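Asks: A single structure is presented below for examination.
The values are calculated or read from the model by the stated rules, or taken from the named source; none is laboratory data. Source: prediction; values computed, not measured. Cβ atoms come from the backbone with ideal geometry, glycine included; neighbour counts cover every protein chain shown.
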Amino acid sequence: MDEKIGRQQAHFDSIAERYEKARQHRNHLCLKELIWSEILGDKMLDLPDPVSVLEPMCGFGDGLQILASRLSQTVEYSGFDFSGEVISRLKRRQPAIDVWEADVSTFESDRSYDIIILLGGLHHVPHIAAKVVSRLSAYVAKGGFFINFEPTHGNALFRSIRERIYNRNALFDEQTERAFAVDELLGFFQAGGLEPVDVIYPGLLSYILYYNPDAFPYLNIGSPRLVRAIWALERKLVRSRFGRKVSFATLSMWRKPV
């Protein structure tokens, strides 16, 4: 195993319990519902039934929850993560789920998938992110989708802020984690032969307050009512040039040409 990936594996094994508990908070769940409702819509109605889904670096199976609640098709889900502790906790919660421990940098499969969904994984392997996207893109079926959500920055100031946070917050490992410039991230998928379907920039105030309650519990203020109110104000910005510039995250959908 790559030394940096091994370090990330150990890091996630150590924070798994904290990560799992914090991300069940109602404010975090409310924000996720709002963000994903914004981008998914009816874009995947023409996929087969059942629809095959792979979630690399699956964590606690967020991709399954997001897609199963929005697709009309039956979801055949598989996922893997390099943290054995995370996988063990996920299996205890959902014993029937098809997940296993694996390294994304060496993943191989004898099949393709209608949807690959990768949520916040690439910034944990920034030194090989381009190769990971290229490898995974090969397993997207023709006409299938690759969905990605990653920390990004659109200006030098926000990059510096995030780097300072990574250095000071124990939830992050500054030696192996790095967010991406927006153009850098999107370039990974373009190089993988995928076509953009939709790109939004939801890393605004609601994201800062509620998306990472495990890292910033003191920002998790108010109730879902406040979450919805803030999102309603900033929703107009998530597809704007200004939003791209000041967002701390990028959510993108890509499709493999038929």
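Asks: Being modelled with pLDDT of 95 or more, small (Gly, Ala, Ser) and either out of contact with any Leu (no Cβ under 9 Å at 6 or more places or on another chain) or closer than 19 Å to PHE172 by Cα (or both) narrows it down to one residue among ALA129, ALA96, ALA102; which is it?
Replies: Of the residues listed, the single one that is modelled with pLDDT of 95 or more, small (Gly, Ala, Ser) and either out of contact with any Leu (no Cβ under 9 Å at 6 or more places or on another chain) or closer than 19 Å to PHE172 by Cα (or both) is ALA129.
Asks: Same structure, new question: Which of (1) surrounded by 15 or more Cβ atoms within 10 Å (Cβ to Cβ); (2) out of contact with any helix residue (DSSP H, G or I) (no Cβ under 7 Å at 6 or more places or on another chain); (3) modelled with pLDDT under 90 does SER112 not meet, given it meets every other one?
Replies: It is condition (3) that SER112 fails.
Asks: Filter the helices (runs of 4 or more DSSP H) completely within segment 1-108 down to those with at least 2 residues that are of a type in the set (Gly, Ala, Ser).
Replies: 3-22, 62-68, 84-93
Asks: Taking segment 215-258 on its own, how many of its residues are in contact with a Phe, Trp or Tyr (Cβ under 8 Å, 6 or more places away or on another chain) and closer than 17 Å to HIS25 by Cα?
Replies: Here the count works out to 4.
Asks: Could you tell me whether GLY79 is within 17 Å of LEU251 (Cβ to Cβ) and surrounded by 19 or more Cβ atoms within 10 Å (Cβ to Cβ)?
Replies: So GLY79 does not fit the description; no.
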